[in-house]
Amino acid sequence: MLNTVYKDAIINRDKMLSILKGPKFEQILQKARNNWVEFTPTKEEVVTAGIDSSFNNTKFQGIELWATTAVSIKSNGEILVDLHKSGLGSADDISSVASKMEIEACEKTIDEVDMVLMDGSLHSQLMTRQANLGSTIVRIMKKKDNVVFIAKTSNTKKQFEKLGSLAGDIFYYNHVTNNPGFSKIFVEKKYGSDKIISSTFVRLSDSTPIIKLEFLGEHHDESEIKSIMNKLYKTSVGGYPYALKLAHNNCKISDKELAKMVSLLGLSNEIGSREVLG
């Protein structure tokens, strides 16, 4: 069955890709080229911290065991903030709990380092799914103006939508260059004057993945982007900030670790828990 699917995909490859690219593909690529600013960063001394959160849960005889963590860690491995919560009961708002913990970690970090790197998107994480947390993160970010949201992936389709783009903006920038640099700053004001988001797509070194940077407010310029790129470049591995990689690795809650919690709580002796332990 799968072999047939693979064969069909190969036969129809060009047709499938033509749909993805759309009729104005070359026109969009030209605009992406015009938006891209070539810039090779140089290492700039800075103290950074990465913040990330994780959550996981498993159902157990009609209730759920859940756990959340949030970590703030410097690029040298020093942990600044280590938050964690767990419990038995409904896990419907577990992502909201994790987001609140990220914000708490951010507030405890901003005075300790030069630059705070938040994993993910200011737009998607706090202005849509967690809109009720928006005012809190805005207050914290305005305190020192040293918080940057960084996303490895992006589905936003704002910059080329007037040309009928079908893929995300990042898709087109990836197609026009492999060189380091950044896209011209894009400003989004739909959330109100106090929640304006400025963003740029960035590549820190040759042939590394593009990442998306998001800032609060509209008063950001290219010189600031270059300075931030220099600071990120100092402690990045493979084009991605090492502090964020450390944060991810230190906060991740795997299924195996959740199963260990089940055992430690003595729940593994209960009927129905065998599926948790695999």
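The values are calculated or read from the model by the stated rules, or taken from the named source; none is laboratory data. Small disclaimer: the values here were computed from a predicted structure and weren't measured. Note that each Cβ is placed from the backbone with ideal geometry, even for glycine, and that neighbours are counted across all protein chains shown.
Listed values, structure above:
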read-out: Residue selected from segment 196-223 under the condition acidic (Asp, Glu) and free of Cβ contacts under 8 Å to residues at least 40 places away in the same chain, by the criterion farthest from LYS158 (Cα to Cα); value: ASP206
read-out: Residues of segment 213-239 classified as buried (at least 18 other Cβ atoms within 10 Å of the Cβ) and assigned to a strand (DSSP E or B), total; value: 5
read-out: Positions within segment 9-44 being farther than 30 Å from THR235 by Cα, at pLDDT 75 or above and assigned to a helix (DSSP H, G or I), in sequence order; value: ILE10, ILE11, PHE25, GLU26, GLN27, ILE28, LEU29, GLN30, LYS31
read-out: Output for segment 214-238, where each listed residue is of a type outside the set (A, V, I, L, M, F, W, C) and under 17 Å from GLU45 (Cα atoms); value: SER223, GLU224, LYS226, SER227, ASN230, LYS231, TYR233, LYS234, THR235, SER236
read-out: Failed item in (1) of a type in the set (Phe, Trp, Tyr); (2) farther than 23 Å from GLU107 by Cβ; (3) within 17 Å of the chain's Cα centre (by Cα), with PHE149 passing the rest; value: (2)
read-out: Selection count where residues are part of a helix (DSSP H, G or I) and under 18 Å from the mean Cα position of the chain (by Cα), scope segment 240-265; value: 10
read-out: Count - residues of segment 70-83 that are in a strand (DSSP E or B), in contact with a Ser or Thr (Cβ under 9 Å, 6 or more places away or on another chain) and buried (at least 22 other Cβ atoms within 10 Å of the Cβ); value: 3
read-out: Test: residue in segment 101-111 that is modelled with pLDDT under 95, among the basic types (Lys, Arg) and either more than 23 Å from VAL147 (Cβ to Cβ) or outside any strand (DSSP E or B) (or both); value: no
read-out: Lone qualifier among VAL97, VAL47 - being touching a residue at least 12 places away in the same chain (Cβ under 8 Å), within 22 Å of LEU213 (Cα to Cα) and of a type in the set (A, V, I, L, M, F, W, C); value: VAL47
read-out: Subset of segment 59-69 [assigned to a strand (DSSP E or B) and over 19 Å from the mean Cα position of the chain (by Cα)]; value: LYS59, PHE60, ILE63, GLU64, LEU65, TRP66, ALA67
read-out: Every residue from segment 84-112 that is over 30 Å from LYS158 (Cβ atoms) and either small (Gly, Ala, Ser) or crowded, with 20+ Cβ neighbours inside 10 Å (or both); value: SER86, GLY87, GLY89, SER90, ALA91
read-out: Residue satisfying all of: in segment 47-58; over 13 Å from MET261 (Cα atoms) and of a type outside the set (Phe, Trp, Tyr); surrounded by the fewest Cβ atoms within 10 Å (Cβ to Cβ) among these; value: VAL47
read-out: Qualifying positions in segment 140-189 - closer than 20 Å to LEU29 by Cβ, part of a helix (DSSP H, G or I) and touching a residue at least 12 places away in the same chain (Cβ under 8 Å); value: LEU163, ASP169, ILE170, TYR172, TYR173, ASN174, HIS175, VAL176
read-out: Whichever residue in segment 159-173 is among the charged types (D, E, K, R) and exposed (fewer than 15 other Cβ atoms within 10 Å of the Cβ) and, among such residues, is nearest to the chain's Cα centre (by Cα); value: GLU161
